[in-house]
Amino acid sequence: MILNKLRYSSTLVKPAPTLTEAEQILQKLQSKYQFALSRDNYRIHLGLLIQRDPIFLKFTDVEMEYLKARYILEKKHNLIVRMPKEMYDFNLQNSKLEQTDDDIVTHLKQEGEKRTEYRENSKWFKFVDPKVNNHKSIQYGSCYTAYLILKQNERWFFPTIPMMDKQFFQQTKETLGAQINSLPWKVIQNKLIKVFYGKRNPRLCLKYDIEGQKHKGDKIFFFNGTHLEGQFALTKDYQDFAWVTRLDINKFFTKSDYESVIHALDL
């Protein structure tokens with residue numbers, strides 16, 4: 001009776017895996033890190049259009065004349081909406097603006113009693129220099145929407161990353177957001193709002209192994225992201241970065257890249 005119990009219990013202990021079984025286990029583990037493919041056999045990439053909203057409002061002379069004429073007509077026909085007094089006539093308990101690390105003074109000039117301060121990382125109009133012409137500055141093109149572009153393998157483009165199999169868009173966005181900046185920052189990433197997608201053939205500059213994957217090309221899904229706060233410092237995966245507007249992005253992109261994205265950018 002004891003012998004039978006021993007014989008029965010021995011069947012519950014699995015023998016050491018053979019080489020074939022070990023290879024199968026390895027393949028299952030590796031399958032978790034394969035690239036995601038679409039139904040039409042394109043490898044899926046995710047891209048971020050990280051933008052800084054306009055800081056100043058800019059009107060042309062024609063637009064100003066139009067606004068003045070419209071105001072005169074609305075006033076004449078009593079069409080101006082009157083704002084309730086309680087919405088503008090009140091006293092703030094704390095009149096000081098709650099500042100972030102971006103609003104710290106970075107440059108100080110003292111001439112007698114005159115004190116001049118400059119905050120190069122701020123996006124608040126009171127602290128912004130509208131004449132900044134440095135593409136590395138978050139204040140560049142303050143009258144327009146500015147976009148973050150990166151240089152990798154001698155090519156300027158928006159930050160992109162391939163999606164892994166069984167991975168969600170939100171997970172990939174968070175991974176990409178942490179990968180491109182070595183400093184902490186806050187970016188609002190609009191969930192599941194695809195701006196547009198473009199197709200491109202597999203590029204040799206990609207650092208990801210594509211051996212054994214028979215796919216037509218890459219399908220890149222771009223998502224909007226709005227910069228809230230935090231400075232930007234390039235990681236070792238990229239060569240350079242720049243903030244550009246819709247008006248001068250053609251100076252950085254190739255003709256084909258420019259034509260594929262220009263319709264998705266705000267002015």
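Brief remarks on what is shown
- Where a residue in the stretch 119-132 is open to solvent by less than 60 Å² (accessible area, probe 1.4 Å) and its partner, wherever it lies, is of a type in the set (Lys, Arg) and part of a loop (DSSP other than H, G, I, E, B), with Cβ under 9 Å and at least six apart: Phe127/Arg119; Val128/Arg119
- Single residue of the stretch 91-114 satisfying the filter (modelled with pLDDT of 70 or more and either of a type in the set (Val, Ile, Thr) or part of a loop (DSSP other than H, G, I, E, B) (or both)) that is most open to solvent (accessible area, probe 1.4 Å): Glu113
- Single residue of the stretch 133-149 satisfying the filter (in contact (Cβ under 8 Å) with a residue 60 or more places away in the chain and among the polar types (S, T, N, Q)) that is nearest to Val244 (Cα to Cα): Thr145
- Test for Gln152: is it without any contact (Cβ under 8 Å) to a residue 12 or more places away in the chain and open to solvent by 50 Å² or more (accessible area, probe 1.4 Å): no
- Lys166 of a type in the set (Lys, Arg) and either surrounded by 15 or more Cβ atoms within 10 Å (Cβ to Cβ) or at negative phi (or both): no
The values are calculated or read from the model by the stated rules, or taken from the named source; none is laboratory data. Owing to the predicted nature of the structure, the values given are computational and were not obtained by experimental measurement. Note that we place each Cβ from the backbone using ideal geometry, even for glycine, and neighbour counts take in every protein chain shown. Only protein heavy atoms, including side chains, enter the accessible area calculation; ligands, DNA and RNA are left aside. Shrake-Rupley method; radii C 1.70, N 1.55, O 1.52, S 1.80 Å.
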